[in-house]
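> Provided herewith is a single structure, encoded as structure tokens, for subsequent inquiry.
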Amino acid sequence: MATYIVLLGPPGVGKGTQAKIVANQSGLAHISSGDLFRENIKNHTELGQLAENFINKGELVPDDLTIAMIKDRITRSDCESGAILDGFPRTPVQADAAKIMLNEIGEDIDIVPFITAPDEILVERLSGRWTCRKSGHIFHTVFNPPLKEGVCDIDGSELYQRDDDKVETVKNRIQVYLRRTSPLIAYYREQGKLVEVQGNQAIEEVTRDLLDVLAKEY
Ligand code: AP5
Ligand code: MG
């Protein structure tokens, strides 16, 4: 049996940061819907062109496009032992689709760590975020600074600030999260899969709590 973890939580809470650490330690694939969209935008694909307008406004990309993209990703060979889903599902329709696509390969979502932090912390984190152009490694000017300003510690590529991290767009992303994604908290709680993780602590402390939660399950 493979392991499928859904990381749930608002924009900026640290899903990508934690997913990369846990994927590295566990050998699970890291599937970030946001990274996949940004890769498509960078490569000027049709999907990228369709998605770009939604992303820059802080709105969600339509469910059908998102679901098709993840279905294609989840069936690749690096997901054989399972995956950490970061940013997907983000609506009840996507959650139903996630269940169906995993059931089709004899799998299911095992656990849903829900990372929480107050809104003002989210804005602070997103306004200082710098992302690596090559592989999406994540830094913060104050909380996780790179050794050399503007350069990724891991692969030496350039760091950039995401277009959707402008304060106004961030505020909309938080509203969109509350309206469209937060219903998934009850959805997974009812299935007994939701476990809360306190995101308002240092990166290593969140990792420790997250690994604890995952270890208790397996
Ligand atoms: P996506 O890329 O998924 O963005 P998001 O959900 O808004 O989440 P973020 O990536 O902004 O935050 P994060 O939780 O990963 O935090 P991070 O680890 O970077 O989606 C972007 C857009 O794509 C969406 O708005 C939508 O348009 C579209 N999209 C994506 N998925 C979709 C879907 N399923 N359906 C429809 N549309 C979809 O951390 C943030 C910062 O904080 C970093 O600088 C980091 O260094 C710092 N930090 C992290 N943890 C800590 C800590 N514990 N203490 C201090 N600083 C910390
Ligand atoms: Mg992210």
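The values are calculated or read from the model by the stated rules, or taken from the named source; none is laboratory data. Everything quoted here is computed from the prediction, not taken from an experiment. Counting neighbours? That spans all protein chains shown, and the Cβs are built from the backbone with ideal geometry, glycine included. Heads up: the accessible areas ignore ligands, DNA and RNA and are worked out on the full protein's heavy atoms, side chains in. Shrake-Rupley method; radii C 1.70, N 1.55, O 1.52, S 1.80 Å.
> Name the shape class, rounded, prolate or oblate, that the alpha-carbon gyration tensor gives for the chain, where a ≥ b ≥ c are the square roots of its eigenvalues, rounded holds for a/c under 1.5, and otherwise prolate holds if a/b is larger than b/c and oblate otherwise. Spell out each step's value before the answer.
Details: a/c = 1.33, a/b = 1.18, b/c = 1.12.
Here the chain falls in the rounded category.
> Now for a separate question. If you only keep lysine pairs separated by 8 or more in sequence, or across chains, how many in the chain come under 18 Å at the Cα atoms?
11
> Pop out the carbon and sulfur fraction of the accessible area of segment 85-158 as a percent, whole number, probe 1.4 Å.
Working: 2010 of 3560 Å².
On segment 85-158, the fraction of accessible area on carbon and sulfur atoms equals 56 percent.
> So with the 1.4 Å probe, I'd like the accessible area per residue for the chain, rounded to whole Å². Could you put the intermediate results ahead of the total?
Values: 10930 Å² over 218 residues.
In whole numbers, the chain has 50 Å² accessible per residue.
> Okay, moving on. How high is the relative contact order of the chain? Use alpha-carbon pairs under 8 Å, at least six apart in sequence, and give a whole percent.
Working: 314 pairs, mean separation 63.0, N = 218.
Relative contact order, the chain: 29 percent.
> When the chain is treated as a GNM, springs tying every alpha-carbon pair under 10 Å, which of ALA97, ALA68, ALA83 comes out with the largest mean-square fluctuation?
Of the options given, ALA68 has the highest mean-square fluctuation.
> Rounded to whole Å and sorted largest first, list the principal axis extents of the Cα atoms in segment 105-218.
Principal extents (Cα only, largest first): 44, 32, 32 Å.
> Taking the Cα centre of the chain as the origin and placing charges on Cβ (Lys, Arg +1; Asp, Glu -1), which of VAL123, SER26, ALA186 is farthest toward the positive end of the dipole?
It is VAL123, whose Cα lies furthest towards the positive end.
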